[in-house]
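To start, the structure itself, in structure tokens.
The values are calculated or read from the model by the stated rules, or taken from the named source; none is laboratory data. What you see is a predicted model; the values in this text were computed from it and never measured. No Cβ is skipped: glycine too gets one built from the backbone with ideal geometry, and neighbour counts run over all protein chains shown. Just the protein is used for accessible areas: all its heavy atoms, side chains included, with ligands, DNA and RNA removed. Shrake-Rupley method; radii C 1.70, N 1.55, O 1.52, S 1.80 Å.
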Amino acid sequence: MAHEVTGVIATEVGAPVSMTTVLVPDPGPGEALVSVQACGVCHTDLHYREGGIGADFPYLLGHEAAGVVDAVGPDVTGLAPGDFVILNWRAVCGQCRACRRGRPWYCFATHNATQRMTLADGTPLSPALGIGAFAAKTLVAAGQCTKVDPAIKPEVAGLLGCGVMAGLGAALNTAGVSRGDSVAVIGCGGVGDAAILGSALAGARKIIAVDVDDRKLEWARQFGATDTVNSATADPVEQIRALTEGNGADVVIEAVGRPETYTQAFYARDLAGTVVLVGVPTPQMRLELPLLDVFGRGGALKSSWYGDCLPTRDFPTLVDLHLQGRLPLDKFVTETIPLAGVEEAFAKMRRGEVLRSVVLL
Ligand SMILES: NC(=O)c1ccc[n+]([C@@H]2O[C@H](COP(=O)([O-])OP(=O)(O)OC[C@H]3O[C@@H](n4cnc5c(N)ncnc54)[C@H](O)[C@@H]3O)[C@@H](O)[C@H]2O)c1
Ligand SMILES: [Zn+2]
Ligand SMILES: [Zn+2]
């Protein structure tokens, strides 16, 4: 029997989101039904609403979530009703070519996530990143549930399900920031600040936060930024070079997703340094760089999808670090809001007033 819950839906490009009834079926083989307790509002939800990710409207938004398993499908093992879980959009499948080659962080199995939730009239819903958690209940692939210590608050835990993991992992996994490195992070929203926190955790010696908003730069210091640059008033490439003895940073993490900030990242890194793109561009964006500079500056130009994380490896560890007081994930939660507050949360995100608004259900 399907469960009737209220969900936050994007119905067409650019239109405000709406709340409507969603039908959530009981779990079939390989699936889990989850009671969502908290779900963060990520910039990627806004990208969905703006048509920047696909045209499979209507979308059931929300994907940074934690909750409790209600029921599991008949063949599901290792997961039981009552388990406290963080939902992930990388349910490693073990079968695809990435998994078979021993590189499961490139697994795209989540794109096969269950798509059985509908509107009341039967219209199929596309759950954001295969999750769709702006609703009291959601149906996911069992592998999208990662069990963690229930001592962590759901509104903090859920953030590991997307933006915070993406930022931490961009620094720790993709860039491989290590002790003594200099790092610059361009764009200090939830994702960029998590990259700053990850760099601090790894022992970076200098961490330069770059943003166009002074309030964001102030917050970035709380996550470990040692220096800040407002790129609306100063040239970030010059400033980063000046702060690194004229060299540029060993690692530059771009957490905005725009050609101009990517170009800044490209030129702000040291020779043979690493650029990591974690910000998500839109399909229209183009990049133009002298090919000779790409060759001559050497190093690595990488993208980071979900911080190259492995949920089963990374989520429990990061939750433990948080519970031990070594990872202040609670600082990402600017406010908790009801389901009805998602549209206003997008506006606050655009005005730069929040790191994360988190819906409590
Ligand atoms: N790669 C992944 O797996 C992954 C996962 C989650 C989110 N993301 C993406 O990461 C990006 C950041 O997400 P977020 O939730 O932190 O967004 P956010 O809106 O909270 O933060 C963006 C920040 O960039 C700053 N900014 C905007 N224009 C700038 C410019 N020209 N120069 C410097 N700073 C600028 C803003 O002031 C803001 O602080 C988004 O594109 C999002 O879609 C990627
Ligand atoms: Zn796989
Ligand atoms: Zn996200």
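Checked against (1) open to solvent by 10 Å² or more (accessible area, probe 1.4 Å); (2) at pLDDT 95 or above; (3) in a loop (DSSP other than H, G, I, E, B); (4) not aromatic (Phe, Trp, Tyr), Glu155 meets all criteria but (3).
Take region 320-347 and flag every residue that is in a helix (DSSP H, G or I) and either within 16 Å of ligand 3 (Cβ to nearest atom) or in contact with a Leu (Cβ under 7 Å, 6 or more places away or on another chain) (or both). Working first, answer last.
Residues of region 320-347 that are in a helix (DSSP H, G or I), as a first pass: 320-323, 329-332, 339-347.
Selection gives Leu321, His322, Leu329, Phe332, Leu339, Val342, Ala345, Phe346.
Filtered by the rule that a residue be under 14 Å from Cys188 (Cα atoms) and open to solvent by less than 50 Å² (accessible area, probe 1.4 Å), region 231-251 gives Ser231, Pro236.
Among residues belonging to region 64-84 that are modelled with pLDDT of 95 or more and of a type in the set (Asp, Glu), point out the one that is surrounded by the most Cβ atoms within 10 Å (Cβ to Cβ). By that ranking, first place goes to Glu64.
Quick check: is even one residue across region 135-147 at negative phi, part of a loop (DSSP other than H, G, I, E, B), modelled with pLDDT of 95 or more and crowded, with 24+ Cβ neighbours inside 10 Å? So far as region 135-147 goes, no, none of its residues is at negative phi, part of a loop (DSSP other than H, G, I, E, B), modelled with pLDDT of 95 or more and crowded, with 24+ Cβ neighbours inside 10 Å.
Candidates in region 252-284 are the residues that are over 21 Å from Val183 (Cβ atoms) and either part of a strand (DSSP E or B) or modelled with pLDDT under 95 (or both); of these, the one that is most open to solvent (accessible area, probe 1.4 Å) is Gln284.
In the set Leu61, Leu87, Leu129, Leu119, only one residue is open to solvent by 30 Å² or more (accessible area, probe 1.4 Å), within 16 Å of ligand 1 (Cβ to nearest atom) and not basic (Lys, Arg); that residue is Leu129. Only a single criterion out of (1) more than 14 Å from the chain's Cα centre (by Cα); (2) of a type outside the set (Phe, Trp, Tyr); (3) within 25 Å of Gly30 (Cβ to Cβ) is not satisfied by Gly176, namely (3).
So, Ser199, is that one more than 22 Å from Gly257 (Cα to Cα), of a type in the set (Ser, Thr, Tyr) and touching a residue at least 24 places away in the same chain (Cβ under 8 Å) or not? No.
Residues that are within 28 Å of the chain's Cα centre (by Cα) and part of a helix (DSSP H, G or I) within region 216-251 comprise Lys216, Leu217, Glu218, Trp219, Ala220, Arg221, Gln222, Pro236, Val237, Gln239, Ile240, listed in sequence order. Residues in region 16-58 that are among the hydrophobic types (A, V, I, L, M, F, W, C), within 13 Å of ligand 1 (Cβ to nearest atom) and open to solvent by 10 Å² or more (accessible area, probe 1.4 Å): Ile53 alone.
Looking only at region 1-14, which residues are open to solvent by less than 20 Å² (accessible area, probe 1.4 Å) and either within 16 Å of ligand 1 (Cβ to nearest atom) or without any contact (Cβ under 8 Å) to a residue 40 or more places away in the chain (or both)? Once the filter is applied, which keeps residues that are open to solvent by less than 20 Å² (accessible area, probe 1.4 Å) and either within 16 Å of ligand 1 (Cβ to nearest atom) or without any contact (Cβ under 8 Å) to a residue 40 or more places away in the chain (or both), region 1-14 yields only Ala10.
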